Amino acid sequence: MTTFYEAVGGEETFRRLVHRFYEGVAADPLLRPMYPEEDLAGAEDRLRMFLIQYWGGPNTYSQERGHPRLRMRHVPFTIGEAERDAWLKHMGDAVRSLELAPEHEEQLLRYLVYAAQSMLNA
Ligand code: HEM
């Protein structure tokens, strides 16, 4: 069975998605200060590995980081509606830049909206 990961173009697609997303974060005055590391490359690697695993690609994320427990991992960061909306804006721009088939784009966006909502902690 073809996974979503394979259907949208595999690692290359997720590399482009997450790279584009972090270009947005790097220029965002609300989000950029939340990232503890000066260099966003590590955060980019972690988010890319997570999304690849979630959508049916290699499970490198869990090999390197263990169980995702994403809500718990976000507790150190104050995520209110403004942070959620900024995160989703950059992610939405990044998803649309991929020019996926409409049903794939919709599926990806629906998941990301749901996941971002579940990360609210403030
Ligand atoms: C890590 C912010 C939503 C997945 C982080 C980090 C920050 C952050 C500041 C630490 C960066 C680092 O890894 O060094 C936010 C904000 C969100 C949000 C403001 C707004 C709602 C999400 C969503 C997902 C996600 C929706 C998944 C779909 C991840 C992953 C990591 C991470 C996988 C790395 C976890 C680890 O292995 O340590 N996030 N995040 N985030 N975020 Fe988010």
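Here are a few things to note about the model shown:
- Taken over the stretch 1-33, the criterion of being open to solvent by 50 Å² or more (accessible area, probe 1.4 Å), closer than 18 Å to TRP87 by Cβ and over 13 Å from the mean Cα position of the chain (by Cα) is satisfied by ALA26, ALA27, PRO29, LEU30, ARG32, PRO33.
- The numbered conditions (1) part of a helix (DSSP H, G or I); (2) under 19 Å from HIS104 (Cα atoms) are all true for THR2 except (1).
- Residues of the stretch 49-64 classified as open to solvent by less than 50 Å² (accessible area, probe 1.4 Å) and assigned to a loop (DSSP other than H, G, I, E, B), total: 3
- Only one of LEU98, LEU40, LEU109 that is open to solvent by less than 40 Å² (accessible area, probe 1.4 Å) and under 19 Å from VAL8 (Cβ atoms): LEU98
- Selection status of HIS67, open to solvent by 60 Å² or more (accessible area, probe 1.4 Å) and either closer than 30 Å to THR2 by Cα or touching a Leu at 6+ places or on another chain (Cβ under 9 Å) (or both): yes
- Candidate set: the stretch 70-87, residues that are near the ligand (Cβ under 7 Å from one of its atoms) and more than 14 Å from ALA122 (Cβ to Cβ); chosen: the one most open to solvent (accessible area, probe 1.4 Å): ARG73
- Restricting attention to the stretch 43-60, the residues that are under 13 Å from the mean Cα position of the chain (by Cα) and farther than 18 Å from ARG84 by Cα total 9.
- Test for GLU103: is it free of Cβ contacts under 8 Å to residues at least 60 places away in the same chain, more than 20 Å from PRO36 (Cβ to Cβ), in a loop (DSSP other than H, G, I, E, B) and away from the ligand (no atom under 12 Å from the Cβ): no
- Matching option when the condition is within 20 Å of ALA116 (Cα to Cα), near the ligand (Cβ under 10 Å from one of its atoms), part of a helix (DSSP H, G or I) and modelled with pLDDT of 95 or more, among ARG46, ARG15: ARG46
The values are calculated or read from the model by the stated rules, or taken from the named source; none is laboratory data. Computed from a predicted structure; not experimentally measured. Reconstructed Cβ throughout: ideal geometry from the backbone, glycine too, with neighbour counts over all protein chains shown. These accessible areas exclude ligands, DNA and RNA; they are computed on the full protein's heavy atoms, side chains included. Shrake-Rupley method; radii C 1.70, N 1.55, O 1.52, S 1.80 Å.
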